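Each remark here refers to the structure printed beneath this line.
Throughout, read-outs are computed from the coordinates displayed, never taken from laboratory work. On a predicted model such as this, the values are computed, not experimentally measured, just so you know. Positions of Cβ are backbone-derived with ideal geometry, glycine not excepted, and every protein chain shown enters the neighbour counts.
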Amino acid sequence: MARKNQLLVPEARQGVDQLKARVANTQKPVDAKFEIAKEVGIPLKEGDNGHLTSRQAGKIGGNLGGNMVREMVKMAEEQLKK
């Protein structure tokens, strides 16, 4: 069952989606997980992915989330320099 994380500031959804797309080098945020899966060699497809192990699913989400956090920290550090 998919879990939809909710943002503390719902108005930030567009910005978070843009960051996700930028981190994964995709045009659309919905394609980010597929790009990351391809990079780490996991056979993710649209629709049902019940065949994936928890470890495989975690690799996709963890990789994407970790890259987003690194990018946000970098952006914050640059903002603090100003």
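So, in the range 16-67, of the ones that are without any contact (Cβ under 8 Å) to a residue 24 or more places away in the chain, small (Gly, Ala, Ser) and part of a helix (DSSP H, G or I), which residue ends up surrounded by the fewest Cβ atoms within 10 Å (Cβ to Cβ)? For the range 16-67, the residue satisfying everything is 54. Taking the criterion of being in a helix (DSSP H, G or I) and of a type in the set (D, E, K, R), the residues of the range 4-15 that qualify are 11, 13.
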